[in-house]
Amino acid sequence: SIVTLTGDKGPVMGCIGIKSYHFAKGDERTQSPSVDKLWIDIGAKDKDDAIRMGIQVGTPVTLYNPPQLLANDLVCSKALDDRLGCTALLGVADAISTMELDIAVYLVASVQEEFNIRGIVPVLRRVKPDLAIGIDITPSCDTPDLHDYSEVRINQGVGITCLNYHGRGTLAGLITPPRLIRMLEQTALEHNIPVQREVAPGVITETGYIQVEQDGIPCASLSIPCRYTHSPAEVASLR
């Protein structure tokens, strides 16, 4: 795989190296190597050469996978989780830019959701919202391996989360208040927007922690169906 290293002197291209197939033995030919068996080749002659290029311990690395359009208005790319959410926020900003609202609306794109699920917390403590609606992706279960796992499908509308929870350790989840589910469904009906209900064990977003801030913040979560989540090539609909 081709990768980009964000070095001190700018981006540096590289590739993830593994043992040549010709010299692999036994299971090495059929099994994916563990992380400690991988390295990144940037063409450096040695450690000092890599440092001169601006690469050192802690340099961030990202997969190089430019977006590709697929048939039927689908797109394939890395990090659709949560580029799709950011795109949705931009759409909301455009839609409300000409409206006269009697409420304050804050559009927040937070970081570290995949790291500790709490990147949104500093903003919450500053804004102190009365209501929060999270926007994230959710696995689309229209592939052969997940066909019976959930009803969520690409091109059948945004998902309205009824319940999600991580299911491991002490991580939280969200049980959406029924009145918020009804409000979202009624709004979608009035504007002819297709929606689908979602129950998502194994999925968690920052709404699980937003809801317990302050004196308790009512939360809902909207989910954009996405195939192959948390892989280098996720797929979603542009519709």
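The figures follow:
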item: Of residues in the range 30-56 being of a type in the set (A, V, I, L, M) and out of contact with any helix residue (DSSP H, G or I) (no Cβ under 8 Å at 6 or more places or on another chain), the one surrounded by the fewest Cβ atoms within 10 Å (Cβ to Cβ); result: VAL35
item: Among the candidates TYR106, TYR149, residue that is of a type in the set (Phe, Trp, Tyr), at pLDDT 95 or above and in a loop (DSSP other than H, G, I, E, B); result: TYR106
item: Scope the range 128-145; condition among the small types (Gly, Ala, Ser) and either outside any strand (DSSP E or B) or outside the structural domain of ASP82 (by TED's automatic domain parsing) (or both); matching residues; result: SER140
item: Filter result (in a loop (DSSP other than H, G, I, E, B) and exposed (fewer than 11 other Cβ atoms within 10 Å of the Cβ)) within the range 111-127; result: VAL111
item: Residue within the range 57-65 that is surrounded by 10 or more Cβ atoms within 10 Å (Cβ to Cβ) and more than 26 Å from SER223 (Cα to Cα) present; result: yes
item: Selection from the range 200-232 of residues that are loosely packed, with under 14 Cβ neighbours inside 10 Å and either touching a Cys at 6+ places or on another chain (Cβ under 8 Å) or outside any loop (DSSP other than H, G, I, E, B) (or both); result: PRO201
item: Pairs with Cβ under 6 Å, 6+ apart, first in the range 184-207 and free of Cβ contacts under 8 Å to residues at least 40 places away in the same chain, second outside any strand (DSSP E or B) and aliphatic (A, V, I, L, M); result: VAL195/ALA188
item: Residue in the range 155-173 that is in a loop (DSSP other than H, G, I, E, B), among the polar types (S, T, N, Q), out of contact with any helix residue (DSSP H, G or I) (no Cβ under 8 Å at 6 or more places or on another chain) and surrounded by 17 or more Cβ atoms within 10 Å (Cβ to Cβ) present; result: no
item: Whichever residue in the range 177-188 is over 19 Å from VAL92 (Cβ atoms) and not charged (D, E, K, R) and, among such residues, is surrounded by the fewest Cβ atoms within 10 Å (Cβ to Cβ); result: PRO178
item: Count of residues meeting criterion [without any contact (Cβ under 8 Å) to a residue 24 or more places away in the chain and within 18 Å of the chain's Cα centre (by Cα)] in the range 67-113; result: 11
item: Residue match in the range 109-119 (condition: of a type in the set (A, V, I, L, M, F, W, C), under 26 Å from THR138 (Cβ atoms) and in contact with a Phe, Trp or Tyr (Cβ under 9 Å, 6 or more places away or on another chain)); result: yes
item: Filtered residues of the range 132-147 (kept if buried (at least 23 other Cβ atoms within 10 Å of the Cβ) and either of a type in the set (S, T, N, Q) or over 18 Å from the mean Cα position of the chain (by Cα) (or both)); result: THR138, SER140
item: Checking ARG83 against (1) loosely packed, with under 12 Cβ neighbours inside 10 Å; (2) outside any loop (DSSP other than H, G, I, E, B); (3) assigned by TED's automatic domain parsing to the domain that holds SER221, the condition it does not meet; result: (1)
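Listed here are the residues, each with its yes/no results for (1) of a type in the set (S, T, N, Q); (2) not in a loop (DSSP other than H, G, I, E, B).
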position	(1), (2)
VAL3	no, yes
MET13	no, yes
HIS22	no, yes
ASP27	no, yes
SER32	yes, no
ALA44	no, no
ALA50	no, yes
ILE55	no, no
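Residues are listed down the side, and each one gets a yes or a no for (1) farther than 30 Å from GLY159 by Cβ; (2) modelled with pLDDT under 95; (3) in contact with a Cys (Cβ under 9 Å, 6 or more places away or on another chain):
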residue	(1), (2), (3)
HIS22	yes, yes, no
ARG29	yes, yes, no
VAL35	yes, yes, no
ALA44	yes, no, no
ASP49	yes, no, no
PRO66	no, yes, no
CYS76	no, no, no
LEU89	no, no, no
GLU114	no, yes, no
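The values are calculated or read from the model by the stated rules, or taken from the named source; none is laboratory data. Remember, predicted model here, so these are calculated numbers, not experimental data. Cβ: placed from backbone, ideal geometry, glycine included. Neighbour counts: every protein chain shown.
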